[in-house]
1. Identify, please: which residue in the stretch 96-146 is on the phi > 0 side of the Ramachandran plot and either within 16 Å of the ligand (Cβ to nearest atom) or outside the structural domain of ASP37 (by TED's automatic domain parsing) (or both) and is, among those, surrounded by the fewest Cβ atoms within 10 Å (Cβ to Cβ)?
2. Count, please, the residues in the stretch 64-79 that happen to be of a type in the set (Gly, Ala, Ser), surrounded by fewer than 23 Cβ atoms within 10 Å (Cβ to Cβ) and part of a strand (DSSP E or B).
3. Residue pairs, Cβ under 6 Å, 6 or more apart or interchain, first in the stretch 357-376 and of a type in the set (Gly, Ala, Ser), second outside any helix (DSSP H, G or I). List them.
4. Would you call THR284 surrounded by fewer than 18 Cβ atoms within 10 Å (Cβ to Cβ), part of a strand (DSSP E or B), more than 25 Å from the chain's Cα centre (by Cα) and at pLDDT 95 or above?
5. Note down all Cβ pairs under 8 Å where the first residue falls in the stretch 314-334 and is closer than 18 Å to LEU77 by Cα, the second is outside any helix (DSSP H, G or I) and aromatic (Phe, Trp, Tyr), and they're at least six residues apart or on different chains.
6. Take the conditions more than 21 Å from LEU361 (Cα to Cα), within 16 Å of the ligand (Cβ to nearest atom) and small (Gly, Ala, Ser) and apply them to SER80. Does it pass?
7. Determine whether the stretch 319-342 contains at least one residue that is away from the ligand (no atom under 16 Å from the Cβ) and part of a helix (DSSP H, G or I).
8. Among (1) at pLDDT 95 or above; (2) in a strand (DSSP E or B); (3) within 16 Å of the ligand (Cβ to nearest atom), there is one condition PHE188 misses while meeting the rest; what is its number?
Amino acid sequence: MPDVAPFSAADLLDEIRSWVEIESPTTDATAVNRMADKVAAEAAAAGMSIRRIPGRDGYGDHLLAEIPGRRNVPGILVLSHLDTVHPIGTLAKDLPFRVEGDEAYGPGIYDMKGGALIAFAAMRKIAQSGRTDMLPVRQLFVSDEEVGSPSSRAIIEEEARRARYVLVTEPAREGGRIVTARKGVARFNLKITGRAAHSGSRHQDGRSALRELARQILDLEAMTDSATGVTVNVGVAGGGTRPNVVPQEAFAEIDMRVPNPEIGDAAVARVLAIKPYDPDCTLTIAGGLNRPGYEKSPGIEALFQHAKTLAAEIGFDLEGMSTGGGSDGNFTAATVPTLDGLGVDGSGAHTHEERIFISSLVPRATLLLRLMETLR
Ligand SMILES: [Zn+2]
């Protein structure tokens, strides 16, 4: 069991509150940087070394906090994010920090300031113990996870190359489960151009972009295949201008989930190959995988079994699951054994009901600490 003082739920919750009360929507780099300032100051105070990587493309800065371990060995990469989906003002209006029984509410408390904080607290305990006989641990806080990590993906992949394990502090799922497989995510934009005409006097000259789109939507959705785990959702669509004009333009936005890169590449190729039914309509489709999927590998299975044993020692049953959602773990799982969903248990991610279960804080923080202490 841990050779450092146990965690206190009240102390962890106080710290989580202080992180939640700095609102940090992905789209507001200044706000995300305020959050980075706070984490950087706390990491420095705990004796961790800090690297701050300037943001780009309108996103905030990324932070890498590190505690030394044995030298010249690959370490443990803890993946976390500073950003949330909640706009500034959510805290004052729709989702104030509050505690009701075992639940604590707040913007980003579950996804994922709670999880980021408990991992940070575990690292801090090791830093304070002065132990250096373990693997080095680096916690990467990125600024843009909620939009697919466009400005941090290369940094995540670079850090994963010097890691032996990756632990992702995304929220625990469905009763505290962690994630051992995730679907990949692809996005596409479809544009169709037909030919406008008066719907009364020149109907025969028109080529309806919306009629073409309707057929394409049915074909795209028919690519959903429960046997392979591919799902296709045409989530947004529109077109046309007036009831009495044959529509010249139509568009759709498509989200596809795939179980692994091989099936994903084939499914992406099928979407990109769609052809118009009406030869007088032109169709352009652009997009592709923005996060590859992954399935449980032998390395992930071994890491999971180790975590399960530690959880049993702490006093809870750890279960793994596969999920359709994407996270930064998708970028690392193909090359480094990765466990995701190691954050706090709760519910309501991305909603005004976002909450954590306070009783999960100490067991989950202890599991992260024990992983850092025992992984070799
Ligand atoms: Zn998240």
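1. My answer is GLY106.
2. The initial filter retains those residues of the stretch 64-79 that are of a type in the set (Gly, Ala, Ser), namely 65, 69, 75.
Next, only the ones that are surrounded by fewer than 23 Cβ atoms within 10 Å (Cβ to Cβ) stay: 69, 75.
So of that shortlist, the ones also part of a strand (DSSP E or B) come out as 75.
Number satisfying all stated conditions: 1.
3. Within 6 Å, the pairs are SER359/ASP102; SER360/VAL344; SER360/ASP345; ALA365/PHE7.
4. Yes; evaluated as a whole, the condition is true for this residue.
5. GLY329/TYR294; ASN330/TYR294; ALA333/TYR294; ALA334/TYR294
6. So SER80 fails the test.
7. No, every residue in the stretch 319-342 fails to be away from the ligand (no atom under 16 Å from the Cβ) and part of a helix (DSSP H, G or I).
8. Unmet condition: (3).
The values are calculated or read from the model by the stated rules, or taken from the named source; none is laboratory data. Here the structure is a predicted model, which means the values were calculated and not measured. All Cβ positions, glycine included, derive from the backbone under ideal geometry; neighbour counts span all protein chains shown.
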